[in-house]
Amino acid sequence: MAGVSLSDVKKRFGAAEVIHGVDLTVEDGEFVVFVGPSGCGKSTLLRMIAGLEDISGGEVRIGERVVNDVEASDRGTAMVFQTYALYPHMTVAQNMSFGLRMTGNDKADTEARVSRAAEVLQIEPLMDRRPKALSGGQRQRVAIGRAIVRDPSVFLFDEPLSNLDAELRVQMRVEIARLHGELGTTMIYVTHDQTEAMTLADRIVVLRAGRVEQVGRPLELYHDPANQFVAGFIGSPRMNFLPGTVVSRGDGRVRLRLERGGEIELPLETLPREGAAVTLGIRPEHFVPAGQGDCDITLEVEVIEHLGATSFVYSGTRSGAQIIAQRPETPESAEASEHAGERLTVAIPAARAFLFDDSGARLR
Amino acid sequence: MTAGTGSRTATRRRRMTLLHLVMVPLAIVWLFPLWMMVVFSTMPDSGIFSPEIQLIPSTHFIENFRALEADTGFLRTLFNSVFVAVIYTVLSVMLTSMAGWALVRYRFRGRGVVLGVILATLTLPYFVVVIPQFIMVARDFGLSNTWIALIVPPLFNSLGVLFMRQSFSLMPQDLFDAAQVEGVSEWKIFTRVAMPMARPTIAALSIILFLASWNNYLWPLLVASDPSMMTAPVALGSLIGFTRVSWGGIMTGAVLLTVPMLVVFVALQRHFMSGITAGAVK
């Protein structure tokens with residue numbers, strides 16, 4: 001086992017720099033998830049750690065060793081791909097043992113490792129099948145098995161569950177978490193799905209356009225986002241953003257007027273100037289009933305999604321200024337629920353609201 | 001059956017009849033010369049030029065073959081053709097595969113230029129190349145009447161390189177990355193992962209290359225004039241003399257030249273069935 005550290009790591013494709021100096025330390029045995037929208041560089045960063053992409057600048061260490069110029073095969077990592085990457089002309093057993101066989105590993109040891117991995121992943125009955133005779137979930141298990149037999153010091157996962165249906169995704173997510181618990185090996189996992197990130201990670205690294213926006217424990221990112229991007233990315237449905245202007249300040253408090261109407265006062269350590277354009281963030285689940293918060297806002301209900309335990313009320317989807325409010329759902333509330341076209345008044349509690357300046361930085 | 005289904009069936013039947021009316025005459029036009037080749041191969045020259053047209057094979061095949069063998073040593077030339085075609089196909093598939101692999105797998109300066117040059121050579125007529133190639137091989141290297149002269153010069157086949165490059169580039173690159181991370185050497189990734197997956201392409205390319213070598217007339221004619229090194233098409237060509245042409249022998253030789261092609265095609269055609277990559281990736 002080994003930790004991974006990146007210092008000022010850069011990647012250029014020709015003249016275009018896509019990773020702009022990333023610094024990160026992954027502790028030995030830690031489960032770290034890289035998360036971010038498409039094209040943010042998370043897969044590129046993972047492939048740089050794996051040795052599948054050259055490093056244009058900076059330093060990558062696995063354990064104590066600088067691996068910038070070390071071949072992928074000698075880095076002691078194992079990788080699981082989104083596409084499974086199983087060799088179609090080989091059986092499951094051959095797929096799992098291929099790397100060990102090709103590198104001259106002892107035959108008995110190879111067989112022992114393969115059968116141990118098959119047992120851990122419960123794929124023993126599938127060993128003589130070809131990949132095309134397996135379901136998506138089974139293929140992904142085999143791909144994970146192929147990584148396990150190498151007994152790597154670091155596991156790298158590149159969106160391994162993206163091709164699975166919703167139910168299987170949840171099931172495999174639990175399996176990967178269990179596997180991490182059993183093996184205790186360092187795992188770096190790339191996903192664009194923030195639910196996967198929140199549920200699996202010891203720490204999450206949020207990336208945007210080749211830069212690290214924030215690193216932290218899942219709940220830390222949820223409760224204390226560093227900026228508007230992280231605030232919007234972590235949490236589902238995403239945080240609501242309401243533009244406003246500072247109308248007064250002083251005494252450790254700032255008062256702002258929301259563009260859509262209403263004023264709210266928030267406690268702040270660093271006060272923005274009067275007239276500054278700011279954005280107030282409030283999560284859908286943090287709205288409270290009208291009159292119980294610090295600022296009431298009225299929503300034109302456009303769509304209501306009933307999920308059973310809870311429901312989401314959508315407003316402003318047509319105007320682009322979408323606001324989503326979450327409401328608890330009970331048999332009684334379902335009866336009395338609002339309908340599309342009606343109005344719903346909810347309140348923002350100042351204690352649960354976030355404030356961002358016009359550059360998206362958090363105001364605390 | 002509803003009226004709609006009935007009328008659809010009738011329409012389909014009409015369409016099929018029309019199709020057959022067009023296709024059957026076309027097939028006859030195409031097959032008739034081949035059939036006559038078989039018929040002529042079983043007739044003496046006198047029968048071939050008889051005013052009565054005969055459409056049924058006769059019994060003179062063995063005699064024709066004996067005459068052919070006596071005139072040209074045809075069995076030896078047939079062996080030469082098989083040997084040259086097999087070795088050429090194997091070596092050319094290996095060479096073009098490796099070139100195709102390099103063009104897909106490696107990012108190197110000038111990769112686009114190399115590909116462009118290979119593409120450009122496709123536009124050159126063979127006859128433009130053959131004379132300088134002949135001068136180089138026969139005069140400069142003195143390799144006339146050798147296996148090397150017959151096999152090596154045409155080995156690099158641009159079409160084959162493009163064929164294999166296309167095949168490799170359509171494979172999921174994750175497979176090769178996965179093998180690379182597993183510590184598998186580049187050569188083994190090529191031979192154990194890429195080549196088995198390219199089997200349908202290799203089968204198709206092998207047939208193309210085998211036929212190209214088998215039917216090649218001009219190059220063997222230039223570099224292998226010695227009867228012991230002559231290939232079968234050249235030997236057959238040598239039967240067309242100024243004073244006498246042995247049509248029975250030529251037709252017998254042509255029949256014998258067609259059989260191996262059919263064998264190769266039938267043996268490899270199942271590999272055309274693709275789908276080998278099914279299940280590799282979702």
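The values are calculated or read from the model by the stated rules, or taken from the named source; none is laboratory data. All values derive from a computational prediction rather than experimental measurement. Methodologically, a virtual Cβ is constructed for each residue, glycine included, from the backbone with ideal geometry; neighbour enumeration extends over all protein chains shown.
Among all positions in the range A:106-127, there is no residue which is closer than 25 Å to B:Gln173 by Cα, surrounded by 14 or more Cβ atoms within 10 Å (Cβ to Cβ) and within 11 Å of another protein chain (Cβ to nearest Cβ). Kindly establish whether B:Leu205 is in a helix (DSSP H, G or I) and either of a type in the set (Phe, Trp, Tyr) or modelled with pLDDT of 90 or more (or both). It is false that B:Leu205 is in a helix (DSSP H, G or I) and either of a type in the set (Phe, Trp, Tyr) or modelled with pLDDT of 90 or more (or both). Each residue in the range B:157-178 was checked for being among the aliphatic types (A, V, I, L, M) and either facing chain A (nearest Cβ under 7 Å) or touching a Cys at 6+ places or on another chain (Cβ under 8 Å) (or both), and 2 of them qualify.
Being farther than 30 Å from B:Gln166 by Cβ, modelled with pLDDT of 90 or more and of a type in the set (Ser, Thr, Tyr) holds for only one residue in B:Thr96, B:Thr89, B:Thr77, and it is B:Thr77.
Scan the range A:156-163 and give yes if some residue there is at the interface with chain B (Cβ under 9 Å from one of its Cβ atoms), within 20 Å of A:Val190 (Cα to Cα) and assigned to a helix (DSSP H, G or I), otherwise no. Scanning the range A:156-163, I find no residue that is at the interface with chain B (Cβ under 9 Å from one of its Cβ atoms), within 20 Å of A:Val190 (Cα to Cα) and assigned to a helix (DSSP H, G or I), so the answer is no. The strands (runs of 3 or more DSSP E) located wholly in the range A:1-49 that include 2 or more residues which are over 17 Å from the mean Cα position of the chain (by Cα) and among the small types (Gly, Ala, Ser) occupy A:4-13, A:16-26.
Just one of the numbered conditions (1) of a type outside the set (A, V, I, L, M, F, W, C); (2) surrounded by fewer than 23 Cβ atoms within 10 Å (Cβ to Cβ); (3) under 25 Å from A:Thr110 (Cα atoms); (4) within 17 Å of the chain's Cα centre (by Cα) is not true of A:Pro160: (2). Name the residue that is nearest to the other protein chains (Cβ to nearest Cβ), counting only residues in the range A:131-155 that are surrounded by fewer than 20 Cβ atoms within 10 Å (Cβ to Cβ) and either assigned to a loop (DSSP other than H, G, I, E, B) or among the β-branched types (Val, Ile, Thr) (or both). That would be A:Leu134.
The rows are residues; the columns are (1) among the hydrophobic types (A, V, I, L, M, F, W, C); (2) surrounded by fewer than 19 Cβ atoms within 10 Å (Cβ to Cβ).
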site: B:Pro44; (1), (2): no, yes
site: B:Ile56; (1), (2): yes, yes
site: B:Asn64; (1), (2): no, no
site: B:Thr123; (1), (2): no, yes
site: B:Ile135; (1), (2): yes, yes
site: B:Asp140; (1), (2): no, yes
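The lone criterion from (1) crowded, with 19+ Cβ neighbours inside 10 Å; (2) touching a residue at least 60 places away in the same chain (Cβ under 8 Å); (3) more than 23 Å from A:Gln292 (Cα to Cα); (4) of a type outside the set (Ser, Thr, Tyr) left unmet by A:Asp202 is number (1). Scoring A:Ala321 on the criteria (1) more than 21 Å from A:Gly360 (Cβ to Cβ); (2) in a loop (DSSP other than H, G, I, E, B) leaves a single failure, condition (1). Kindly check whether there is at least one residue in the range B:16-37 that is surrounded by 12 or more Cβ atoms within 10 Å (Cβ to Cβ), touching a helix residue (DSSP H, G or I) at 6+ places or on another chain (Cβ under 7 Å) and outside the structural domain of B:Ala254 (by TED's automatic domain parsing). There is at least one residue in the range B:16-37 that is surrounded by 12 or more Cβ atoms within 10 Å (Cβ to Cβ), touching a helix residue (DSSP H, G or I) at 6+ places or on another chain (Cβ under 7 Å) and outside the structural domain of B:Ala254 (by TED's automatic domain parsing). Here B:Glu186 meets each of (1) within 26 Å of A:Pro88 (Cβ to Cβ); (2) in contact with a Leu (Cβ under 9 Å, 6 or more places away or on another chain) with one exception, condition (2).
Out of all the residues in the range A:271-282, is one or more within 25 Å of A:His339 (Cα to Cα) and either in contact with a strand residue (DSSP E or B) (Cβ under 9 Å, 6 or more places away or on another chain) or free of Cβ contacts under 8 Å to residues at least 40 places away in the same chain (or both)? Working first, answer last.
Taking the range A:271-282 and keeping what is within 25 Å of A:His339 (Cα to Cα), we get A:282.
Now restrict to residues that are either in contact with a strand residue (DSSP E or B) (Cβ under 9 Å, 6 or more places away or on another chain) or free of Cβ contacts under 8 Å to residues at least 40 places away in the same chain (or both): A:282.
So far as the range A:271-282 goes, yes, one or more of its residues are within 25 Å of A:His339 (Cα to Cα) and either in contact with a strand residue (DSSP E or B) (Cβ under 9 Å, 6 or more places away or on another chain) or free of Cβ contacts under 8 Å to residues at least 40 places away in the same chain (or both).
Pairs only if they're at least six apart or on different chains, beta carbon under 6 angstrom, first in the range A:310-323 and under 14 Å from A:Thr298 (Cβ atoms), second modelled with pLDDT of 75 or more and among the hydroxyl-bearing types (Ser, Thr, Tyr); list them, first residue then second. The qualifying pairs are A:Ile323/A:Ser315. Taking the condition surrounded by 20 or more Cβ atoms within 10 Å (Cβ to Cβ), farther than 30 Å from B:Pro200 by Cβ and out of contact with any strand residue (DSSP E or B) (no Cβ under 9 Å at 6 or more places or on another chain), does B:Phe74 pass? Against the criterion (surrounded by 20 or more Cβ atoms within 10 Å (Cβ to Cβ), farther than 30 Å from B:Pro200 by Cβ and out of contact with any strand residue (DSSP E or B) (no Cβ under 9 Å at 6 or more places or on another chain)), B:Phe74 qualifies. Scoring B:Thr146 on the criteria (1) surrounded by fewer than 16 Cβ atoms within 10 Å (Cβ to Cβ); (2) farther than 30 Å from A:Val149 by Cβ leaves a single failure, condition (1). B:Glu52 meets the conditions (1) without any contact (Cβ under 8 Å) to a residue 24 or more places away in the chain; (2) charged (D, E, K, R); (3) surrounded by 10 or more Cβ atoms within 10 Å (Cβ to Cβ) in every case but one. The failed one is (3).
Looking only at the range A:56-72, count every residue that is surrounded by fewer than 20 Cβ atoms within 10 Å (Cβ to Cβ) and away from chain B (no Cβ under 13 Å) and tell me the total.
Final tally of qualifying residues: 11.
Among residues of the range A:73-89 that are at the interface with another protein chain (Cβ under 7 Å from one of its Cβ atoms), those with a Cβ under 6 angstrom from a residue that is part of a strand (DSSP E or B), sequence gap 6+ or separate chain, pair up as A:Thr77/A:Val154; A:Thr77/A:Leu156; A:Ala78/A:Phe155; A:Met79/A:Leu156; A:Phe81/A:Asp158.
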